Amino acid sequence: MQFKRIGVLTSGGDAPGMNAAIRSVVRTAIGRGVEEVYGIYSGYKGLIEEDMELLNIRSVSNIISHGGTMLYSARCPEFKTEEGMQKAVDVCKKRGIDGIIAIGGDGTFRGATDLTRRGIPCIGIPATIDNDISSTDYTIGFDTAMNTVVELVDKLRDTCESHARCNVVEVMGKYAGDIALHTGIATGAISIAVRELPYDEDQAIAKIIKARENKKRNFIVIVAEGKENFAEAYAKRIEEKTGIETRFSRLAHVQRGGNPTVRDRVTASLMGKAAVMELLDGKSNLVICERKGVITSMDINKALKIDRMFKDLMTPEEYAELEAEGSLVDMRRHCEERAAAKLNLYRISQEICK
Ligand code: F6P
């Protein structure tokens, strides 16, 4: 199929590097003979409302270094309805949009697969600071967010050292503790707590007491927000049980902004190009992934299933279906490898952060 016109959108939580991905999509597509590229504003909401504008090589100049997304982002409940979906398809037909590159997280990919099923081929690019898309080892924005956390926690450590205090820092990551695990190691946190791994609070507190006896003055504890209603109360318990003055800090949305790092700019550029190439090659319903350092792709439905499996959200019926189609073993292996990598990081942090 000859792709004359394609669309690009960003949806869900924004992530630094989304702009670099948009730039790469636009420039690759135009360079490869696509006549027009629509930038669709505010994700699927803009698609339904026909809020879009043609982009060209120059209109994506000077965005590679910017955080946020020049196409804006939104969550769109209407898109999940049959009526909303039909509106989106009608807009694509009216504007002659032959395919869409959708940049975002799992919600974005669910939208992309729904559109593909209705005849608009879509390719997804994973972008979320949480790194919680299980089909890919890396999501755009993760590195920048981690560097932001490290910069802030380093500052907290300075003041903790002066006052001989503890600071419990809550970082983002609703379903995945990746930001917490990596930044915990990078900041020398005495303890890291994430939703998906067991946490022994008594042992952690004993470790803090022992370190204090051993003349340690500053104590950083990193908690992923997925461990709900935990961090703030935990700070109080640490103070009560150790006698060490303890503060609580929630870093929140500051982690989502800022100029993307080299890692995010380069990965976004590579993924943007890969997405366009797949589309022009006649492929659809794929998510671009990075696996073991290589840019590759996976069927979106499979990627969504792996994600549900990894997050322990699959029903027994879904397991039976996967077994019947012969993909269960492969998907299990994928999830086990990912879980093992996390556990390894966690163990290392426990061993060396004292
Ligand atoms: O982008 C993912 C994420 O950062 C989560 O870690 C967090 O829970 C969520 O976004 C918050 O998003 P918002 O406040 O934009 O709904």
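The values are calculated or read from the model by the stated rules, or taken from the named source; none is laboratory data. In this text the structure is predicted, and so the values were computed from the model without any measurement. All Cβ positions, glycine included, derive from the backbone under ideal geometry; neighbour counts span all protein chains shown. What goes into the accessible areas is simple: the full protein's heavy atoms, side chains included, and nothing from ligands, DNA or RNA. Shrake-Rupley method; radii C 1.70, N 1.55, O 1.52, S 1.80 Å.
Numbers for the structure displayed
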{"quantity": "Candidate residues MET70, MET172: accessible-area rank, largest first, probe 1.4 Å", "calculated": "MET70, MET172"}
{"quantity": "Most to least packed among 175-183, 150-158 [average Cβ atoms within 10 Å]", "calculated": "175-183, 150-158"}
{"quantity": "Rounded to 10°, Cα long-axis angle of helix 106-117 versus longest principal axis of the chain", "calculated": "20 degrees"}
{"quantity": "Distance between the stretch 39-102 and the stretch 130-149 - C-alpha centres, whole angstrom", "calculated": "23 Å"}
{"quantity": "Structure-based [θ]222 nm, the chain - -39500 (n - 2.57) summed over DSSP H runs of at least 4, per residue, nearest 500", "calculated": "-15000 deg cm²/dmol"}
{"quantity": "In Å², nearest 10: area of CYS160 left accessible to a 1.4 Å probe", "calculated": "0 Å²"}
{"quantity": "Between 0 and 90°, nearest 10: helix 82-95 axis offset from the chain longest Cα axis", "calculated": "50 degrees"}
{"quantity": "Placed amide H near MET52: partners under 5 Å, 5+ positions off or other chain", "calculated": "TYR41"}
{"quantity": "Cα-based helix-to-principal-axis angle, 300-310 vs the chain, degrees rounded to 10", "calculated": "20 degrees"}
{"quantity": "Per residue convex hull volume, Cα atoms of the chain, in Å³", "calculated": "134 Å³"}
{"quantity": "Candidates ALA339, ALA20, ALA231: whichever shows maximal mean-square fluctuation once the chain is modelled as a Gaussian network with Cα springs under 10 Å", "calculated": "ALA339"}
{"quantity": "Accessible area in square angstrom per residue, the chain, 1.4 angstrom probe", "calculated": "44 Å²"}
